[in-house]
Amino acid sequence: MIGPRFSVWRWGSFTLRAPAPAALQTAVVGTFGVLLALMLSLTLGESGLSPARLIQALRGEAEPYEQWLLWQSRLPRALCALGVGTALGVAGAVFQSLSRNPLGSPDIIGINAGASAGAVLWLLFLPGLSVAWGALAGAVCVLLLLLPGLGPQGQLSRSLVLMGVAINAFAIAVVQFALTLVQREQAQQMLGYLAGGLVHRDWQQVALIGLILAVALPGLLLLSRRLGLLALGRDMASSLGNPLRSTQLTALILATVLALGAVLCAGPVAFVALVAPHLARRRGQQLALLRSGLIGALLLLSADTLTLTLPGTQRLPVGVLTAMLGGAYLAWILFAELLRRKTKQQMPG
Amino acid sequence: MTSDIYSDCILQGRGLHLHYAGRAVIAGLDIYIPRGQLTVVLGTNGCGKSSLLKILSQVLPPSKGQVMLDGKVLADMGSKERARQLALLVQKPELPDGIDVQELVSRGRYPHQSLWRQWSEDDEYAVAQALVATGLTDMARREVSSLSGGQQQRVWLALVLAQQTEVLLLDEPTSFLDIRAQLSVMDFCRALRLQGRTLVLVLHDINQALRYADHLLLMREGRILAQGAPEALICEQVLKDVFDLDACIIQDPEAGCPMLIPRVDQYDHAWGVTQQPGYK
């Protein structure tokens, strides 16, 4: 045993090592958090079911309307929020670790803005088809534009992040331009989509995001030891025998798949991918990927519950709330840290 | 290149070139690192010393030429296999947030581990031994960022030590340390050499290099100007050629090795500052 932070299991030459206390804590907090958030999400709001009714509906003993409400509307919506939040949180953590930059999240480098622009142009020119495909096409276009900026070993360099910011600005301009071209009604439809939404999600979307998570998450967890080594800097990681190229490229592909899955299911949801890894890292490096996913899931589901609950926000897209909540919380944390550092500096000695 | 010292080289590079941003950082050099010796690389800023260490460890693949480690081509070795035989401590490794000494040192075991072998008894023993050797056992649970610069450098040395490699490449391991901590790092390196390991250090302090090195490599503009034992190599002309430095060489009164003393008043003109009359 190395000590209290890790537990080691040995069977002959087969050995496992895990940060057991942190894992236990994450599992317990995660389970309770998810259950609580799910409960709140299903019971609150105009069309929410009371806890007693909820249990009846779960058993299949409630009235057909409530049955339908739970199984075809509220539950898929909540599960979709959990799945999309997890995908965004994990993707954000991987992007930040690959770019060695706290701002290197999929929405900052332009994937969300690309999705928005794609969606708007799709609505403009192909209004018949599902807008999600337009969003996916836009996001993929941004990725293709960024591809030449990828380093030879698959690293997201600083100039790539800057390129993403530029593409971001351009895509937002495209969106604004498109909005001036259309009728008021259509503009409202577009605006609703642009902030990312979870209204009218069904099992199809749940299955999609579930499938994507089932593929990408285990892959990234297998890579997590290598990704952890990147925190020592690329040169140290490489000299310790981490094959940088395959590590970075594989992680990048898996994280991109997660980000695209999130876009496909919920549109461009802002800020979750940026905030979740920061909140996760505040309790150390251990299990940072998993915790970031968990925080993303809780953040998105809680924000969605709030849109259902707050007066006058039923039609508010969840992306607006995540940006408000996450942005305010992150700003507050960074501000508090800044203050603490300043008072520390002023202390004598 | 025919003296005895080169008959047993653990690491050698032939015809190495490195082009970076249109500039030749390493411009065609052959290098021989004698086994079991402490080699020091000296040269001005930007002469390619750090790049050379990265090439020798395959962190930076050379544009041309190849490196041989113990008779095998480095580029053909698996990355973990290579990392079990050769360690590099870069000049400015990044410190992850909130990591403690023991956890950071145990990262050095990565090349010995796999998905099925995450923490063997060898790993545990190597980390404990590295902590003892660097005098960090009592601080194993301390957060690395709370330690002094000298202590942090010992943690990084413990990390590459836990890697249990025969060859260690250290890029400026004494920079930014106070004189006591510098000497402690140098004594540590000498102790490793006495255990039979091969060390290659990049240093800036020429007098420390003269005192501790078995073998000196003098670089300028991506080339090796001269190499050999310090006593045989160092003379006023060589210092002039490598560093543009006017210095006289005396005997180190303590260790008996050569020691250089820069001459005064050689750089007044370099800053465009003319001497005021009456100043001196």
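The values are calculated or read from the model by the stated rules, or taken from the named source; none is laboratory data. Just so we're clear, the structure is a prediction, and the values are computed from it rather than from any experiment. Cβ sites come from the backbone with ideal geometry, for glycine too, and all protein chains shown count toward neighbours. Heads up: the accessible areas ignore ligands, DNA and RNA and are worked out on the full protein's heavy atoms, side chains in. Shrake-Rupley method; radii C 1.70, N 1.55, O 1.52, S 1.80 Å.
Here are the numbers for the structure shown:
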quantity: Subset of the range B:125-148 [charged (D, E, K, R) and under 21 Å from B:Asp187 (Cα atoms)]; calculated: B:Asp138
quantity: Residue in the range A:92-100 that is surrounded by fewer than 20 Cβ atoms within 10 Å (Cβ to Cβ) and either over 30 Å from A:Asp202 (Cβ atoms) or not acidic (Asp, Glu) (or both) present; calculated: yes
quantity: Count of the range A:215-229 residues which are more than 9 Å from chain B (Cβ to nearest Cβ) and open to solvent by less than 10 Å² (accessible area, probe 1.4 Å); calculated: 2
quantity: Some residue of the range B:104-114 being open to solvent by 50 Å² or more (accessible area, probe 1.4 Å) and free of Cβ contacts under 8 Å to residues at least 12 places away in the same chain; calculated: no
quantity: Test: A:Leu240 is surrounded by 21 or more Cβ atoms within 10 Å (Cβ to Cβ), modelled with pLDDT under 90, more than 24 Å from A:Leu321 (Cα to Cα) and facing another protein chain (nearest Cβ under 10 Å); calculated: no
quantity: Unmet requirement for B:Thr165, which otherwise passes all of (1) more than 9 Å from chain A (Cβ to nearest Cβ); (2) assigned to a loop (DSSP other than H, G, I, E, B); (3) open to solvent by 30 Å² or more (accessible area, probe 1.4 Å); calculated: (3)
quantity: When residues of the range A:166-200 are limited to those that are touching a Gly at 6+ places or on another chain (Cβ under 7 Å) and modelled with pLDDT of 80 or more, the one least open to solvent (accessible area, probe 1.4 Å); calculated: A:Ala171
quantity: Filter pass, A:Val161 being closer than 22 Å to A:Trp122 by Cα and within 21 Å of the chain's Cα centre (by Cα); calculated: no
quantity: From B:Leu88, B:Leu115, B:Leu131, residue being touching a Ser or Thr at 6+ places or on another chain (Cβ under 7 Å) and under 17 Å from A:Asn242 (Cβ atoms); calculated: B:Leu88
quantity: Listing of helices (runs of 4 or more DSSP H) fully contained in the range A:211-329 that carry 1 or more residues being of a type in the set (S, T, N, Q) and under 30 Å from B:Tyr110 (Cα atoms); calculated: A:234-239, A:244-266, A:288-309
quantity: Extreme residue, least open to solvent (accessible area, probe 1.4 Å), among residues of the range B:64-103 that are farther than 21 Å from B:Gln118 by Cβ and basic (Lys, Arg); calculated: B:Lys72
quantity: For A:Val140: the one exception among (1) at pLDDT below 85; (2) open to solvent by 40 Å² or more (accessible area, probe 1.4 Å); calculated: (1)
quantity: Filtered residues of the range B:132-156 (kept if hydrophobic (A, V, I, L, M, F, W, C), open to solvent by less than 70 Å² (accessible area, probe 1.4 Å) and modelled with pLDDT under 95); calculated: B:Ala133, B:Leu136, B:Met139, B:Ala140, B:Val144, B:Leu147
quantity: Qualifying residue in the range A:72-81 (condition: in a helix (DSSP H, G or I), open to solvent by 50 Å² or more (accessible area, probe 1.4 Å) and either within 20 Å of A:Asp304 (Cβ to Cβ) or within 14 Å of chain B (Cβ to nearest Cβ) (or both)); calculated: yes
quantity: Condition broken by B:Asp97, with the remaining ones in (1) facing chain A (nearest Cβ under 8 Å); (2) among the charged types (D, E, K, R); (3) closer than 27 Å to B:Ala191 by Cβ satisfied; calculated: (3)
quantity: Residue match in the range B:1-10 (condition: hydrophobic (A, V, I, L, M, F, W, C), surrounded by fewer than 18 Cβ atoms within 10 Å (Cβ to Cβ) and assigned to a loop (DSSP other than H, G, I, E, B)); calculated: yes
quantity: Given (1) more than 14 Å from chain B (Cβ to nearest Cβ); (2) closer than 17 Å to A:Val272 by Cα, number of the condition A:Gln25 does not satisfy; calculated: (2)
quantity: Single condition B:Val105 does not satisfy, out of (1) more than 10 Å from chain A (Cβ to nearest Cβ); (2) under 21 Å from B:Leu217 (Cβ atoms); (3) at pLDDT 95 or above; calculated: (2)
quantity: Candidates A:Leu316, A:Leu252, filtered to the one that is away from chain B (no Cβ under 14 Å), over 22 Å from A:Leu136 (Cβ atoms) and aliphatic (A, V, I, L, M); calculated: A:Leu316
quantity: Per-region count, the range B:208-258, residues open to solvent by less than 50 Å² (accessible area, probe 1.4 Å) and not in a helix (DSSP H, G or I); calculated: 21
quantity: Only listed residue being touching a Leu at 6+ places or on another chain (Cβ under 8 Å), assigned to a helix (DSSP H, G or I) and of a type in the set (Gly, Ala, Ser), chosen from B:Ala158, B:Ala191, B:Ala181; calculated: B:Ala158
quantity: Yes/no for A:Leu260 being more than 30 Å from B:Ser114 (Cβ to Cβ) and crowded, with 21+ Cβ neighbours inside 10 Å; calculated: yes
quantity: A:Gly60 modelled with pLDDT of 90 or more and either away from chain B (no Cβ under 14 Å) or surrounded by fewer than 15 Cβ atoms within 10 Å (Cβ to Cβ) (or both); calculated: no
quantity: Residues located in the range B:115-130, provided they are open to solvent by less than 10 Å² (accessible area, probe 1.4 Å) and either more than 7 Å from chain A (Cβ to nearest Cβ) or closer than 20 Å to B:Gly150 by Cβ (or both); calculated: B:Asp123, B:Ala126, B:Val127, B:Ala130
quantity: Residue check, B:Thr174 of a type outside the set (A, V, I, L, M), more than 12 Å from chain A (Cβ to nearest Cβ) and either surrounded by fewer than 22 Cβ atoms within 10 Å (Cβ to Cβ) or under 21 Å from B:Leu199 (Cβ atoms) (or both); calculated: yes
